[in-house]
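**Student:** Can you keep this structure in mind? I'll have questions shortly.
The values are calculated or read from the model by the stated rules, or taken from the named source; none is laboratory data. This is a predicted model, so every value here is computed, not measured. Quick reminder, even Gly has a Cβ in these numbers, built from the backbone with ideal geometry, and neighbours come from all protein chains shown.
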Amino acid sequence: MTLALLQIDFVFDGPWGDALADVCRELADDIAQEPGLRWKLWTEDPESARAGGVYLFDDRAAAAAYLTKHRARLAAFGVKDSDIVARVLDVNPALSTRTRGPVGGAADSFTTLARVQVADTKTFLDVFASAGLAARSAHGSKGAQVFAGDENTVHVLIDWADEAAFDAFRTAPDVAATMKRGGAVARPVFQSVRRLGQFTA
């Protein structure tokens, strides 16, 4: 499965900023429930009189389905189709992760938080973003984030397709070898966590 990014903007004459947020609260809540949507960034440019958004979806099919729905919604708001600019792009998660791109998983994923002691953080990240990425992808990972902890300790948040995918990853023989290559000095300590919500601030 390849993540898909939807970019869309259209002619808009306001309101902007907090006023737009007040008007669009219910719409935002509705969009948050869209199948396959991981997140949306709302964009606006009063100077050019355009507004829109950048969305991350699980795949192109979900992005295309939403775009069709959103075009109809904009038409109902009086926006001409000729005033809408939209495109769907594939996402490269390996490079996006290295540049802190928000390519984590959806809210209904099975999520684990691991504490890992490592010999060297740079070596760990290099392997995590290459051989580790391949191993996680093969076992159903939907995205990962790495955080620095105490000296020589990292915390890894990973979204999985389901709990079975995580169990298969944890017990796979090649995974232990990959962790060793990354400089893990002890077995990671995993715990499952449940995402209760995501907020703008």
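**Student:** Kindly check whether there is at least one residue in the range 66-74 that is assigned to a loop (DSSP other than H, G, I, E, B) and of a type in the set (Gly, Ala, Ser).
**Tutor:** As a first pass, look at the range 66-74 and keep what is assigned to a loop (DSSP other than H, G, I, E, B): none.
No, the conditions are met nowhere in the range 66-74.
**Student:** If a residue counts only when it is surrounded by 16 or more Cβ atoms within 10 Å (Cβ to Cβ) and small (Gly, Ala, Ser), which strands (runs of 3 or more DSSP E) contained entirely in the range 117-201 have at least 1 such residues? Steps first, answer last, please.
**Tutor:** On the way: elements: 141-148, 153-160, 189-193.
Once the strands (runs of 3 or more DSSP E) in the range 117-201 are filtered for at least 1 residues that are surrounded by 16 or more Cβ atoms within 10 Å (Cβ to Cβ) and small (Gly, Ala, Ser), what remains is 141-148.
**Student:** Restricting attention to the range 187-195, does a residue exist that is touching a Gly at 6+ places or on another chain (Cβ under 8 Å) and in contact (Cβ under 8 Å) with a residue 24 or more places away in the chain? Write out each step before concluding.
**Tutor:** At the first step, the residues of the range 187-195 found to be touching a Gly at 6+ places or on another chain (Cβ under 8 Å) are none.
Scanning the range 187-195 turns up no residue that is touching a Gly at 6+ places or on another chain (Cβ under 8 Å) and in contact (Cβ under 8 Å) with a residue 24 or more places away in the chain.
**Student:** If we keep just the residues of the range 29-57 that are small (Gly, Ala, Ser) and under 26 Å from Asp90 (Cβ atoms), which is surrounded by the fewest Cβ atoms within 10 Å (Cβ to Cβ)?
**Tutor:** Filtering the range 29-57 for residues small (Gly, Ala, Ser) gives 32, 36, 48-49, 51-53.
Checking the rest, the ones that are also under 26 Å from Asp90 (Cβ atoms) come to 32, 36, 51-53.
On the way: Ala32: 13, Gly36: 18, Ala51: 22, Gly52: 22, Gly53: 17.
Filtering first and then ranking leaves Ala32.
**Student:** Separate question: Does any residue in the range 85-103 that is touching a residue at least 60 places away in the same chain (Cβ under 8 Å) come within less than 6 Å, Cβ to Cβ, of a residue that is loosely packed, with under 15 Cβ neighbours inside 10 Å and part of a loop (DSSP other than H, G, I, E, B) six or more places away or on a different chain, and which pairs are these?
**Tutor:** Correct list of pairs: Asp90/Thr2.
**Student:** Out of curiosity, is Thr99 surrounded by fewer than 15 Cβ atoms within 10 Å (Cβ to Cβ), of a type in the set (S, T, N, Q) and over 30 Å from Lys122 (Cα atoms)? Spell out the reasoning first.
**Tutor:** Working: surrounded by fewer than 15 Cβ atoms within 10 Å (Cβ to Cβ): yes; of a type in the set (S, T, N, Q): yes; over 30 Å from Lys122 (Cα atoms): no.
For Thr99, the condition - surrounded by fewer than 15 Cβ atoms within 10 Å (Cβ to Cβ), of a type in the set (S, T, N, Q) and over 30 Å from Lys122 (Cα atoms) - is not met.
**Student:** Okay, moving on. Somewhere in the range 144-157, is a residue within 24 Å of Val54 (Cβ to Cβ), modelled with pLDDT of 90 or more, among the polar types (S, T, N, Q) and out of contact with any helix residue (DSSP H, G or I) (no Cβ under 6 Å at 6 or more places or on another chain)?
**Tutor:** yes
**Student:** If a residue has to be surrounded by 13 or more Cβ atoms within 10 Å (Cβ to Cβ), of a type outside the set (Gly, Ala, Ser) and either within 15 Å of Gln7 (Cβ to Cβ) or in contact (Cβ under 8 Å) with a residue 60 or more places away in the chain (or both) to count, how many in the range 59-82 make the cut?
**Tutor:** Count: 7.
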